[in-house]
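First comes the structure, then the notes that go with it.
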Amino acid sequence: MMKKEFTITVYTENHVGLLTRIAIIFSRRKINLESVNVGPSEVEGISRFTLVINEAEEVVQKVARQIEKQVEVLKVFFNTDEEIVWQEMAMYKVPTKVIAEQVKVERLLRQYGANTVVIRNDYTVFETTGHKEEIDALAEALAPWGLIEFVRSARIAIIKASEGMHKAVLEFEAAEPSEPAVENEFLDKRDGVFTM
């Protein structure tokens with residue numbers, strides 16, 4: 001079984017403890033979560049989990065089915081990198097003195113599309129978005145110039161072929177309610193139902 005990177009998108013009701021239960025599903029199978037992001041979705045009251053793992057497709061299918069069995073989970077999707085549009089964000093803290101004195105550093109930051117967040121006498125913070133490789137490459141390039149601190153966010157992703165959860169929720173809300181359950185349906189036929 002060949003492993004590759006998959007992004008799992010989980011739409012859920014917003015309940016305490018759900019992240020822990022989902023994490024347990026992965027830890028029981030000894031699967032490392034490369035990235036975890038949880039935030040609101042396009043539908044009010046529904047959260048969106050974005051999880052990244054490196055695993056064989058058969059294993060990902062089983063995990064997705066297991067996650068979908070959780071009561072609060074509405075829908076689970078899993079996709080390869082080609083099936084999604086994704087980004088990560090990163091922040092870099094470098095000495096302000098280096099930026100002021102080294103034209104190369106300024107050019108490097110411009111090349112990677114970095115934006116200034118904070119400028120202080122002792123340090124400057126930049127932020128950029130991109131794929132993991134681009135973000136890591138800038139961190140590596142800044143290291144010789146005295147990179148003080150570096151942090152990268154978890155992945156956020158949009159599924160190319162998805163119509164989103166909003167349409168599904170609207171369809172569900174518009175659907176006709178099913179017939180109400182009849183209480184005590186067989187109560188008057190008790191003798192016929194319960195005798196052998």
Q: First measure r as the distance between the Cβ atoms of residue 32 and residue 148, then evaluate 1/(1 + (r/R0)^6) with R0 = 35 Å and state the FRET efficiency to the nearest 0.05.
A: 0.80
Q.
Connecting C-alpha atoms closer than 10 Å in a GNM of the chain, tell me which of 95, 40, 144 has the biggest fluctuation.
A. 144
Q: Please give the per residue accessible area of the chain, computed with a probe of 1.4 Å over protein heavy atoms only, in Å².
A: 67 Å²
Q) Separation between the residue 101 and residue 161 pseudo-spin-labels, each 7 Å from Cα along Cα→Cβ, expressed in nm? A) 5.5 nm
Q: For the range 1-117, with all protein chains present and a 1.4 Å probe, just round the carbon and sulfur fraction of the accessible area to a whole percent.
A: 50 percent
Q. For residue 41, what is the net charge nearby, where nearby means another residue's Cβ is under 14 Å from its Cβ and Lys, Arg count +1, Asp, Glu -1?
A. -2
Q.
7 Å from Cα along Cα→Cβ at both residue 59 and residue 116: what's the point-to-point distance in nm?
A. 4.6 nm
Q. Per the helix-only calculation at 222 nm, which mean residue ellipticity applies to the chain, given -39500 (n - 2.57) for every DSSP H run of n ≥ 4 and division by its residues, nearest 500 deg cm²/dmol?
A. -9500 deg cm²/dmol
(Q) Which lysines, if any, have their Cα less than 27 Å from the Cα of residue 160, not counting same-chain residues under 8 positions apart? (A) 3, 4, 62, 69, 75, 132
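The values are calculated or read from the model by the stated rules, or taken from the named source; none is laboratory data. No experiment lies behind these values; they were computed from the predicted model shown. Cβ coordinates were reconstructed from backbone atoms using ideal geometry, including for glycine residues, and neighbour counts include every protein chain displayed. Calculation scope for accessible area: heavy atoms of the full protein, side chains included, ligands and nucleic acids excluded. Shrake-Rupley method; radii C 1.70, N 1.55, O 1.52, S 1.80 Å.
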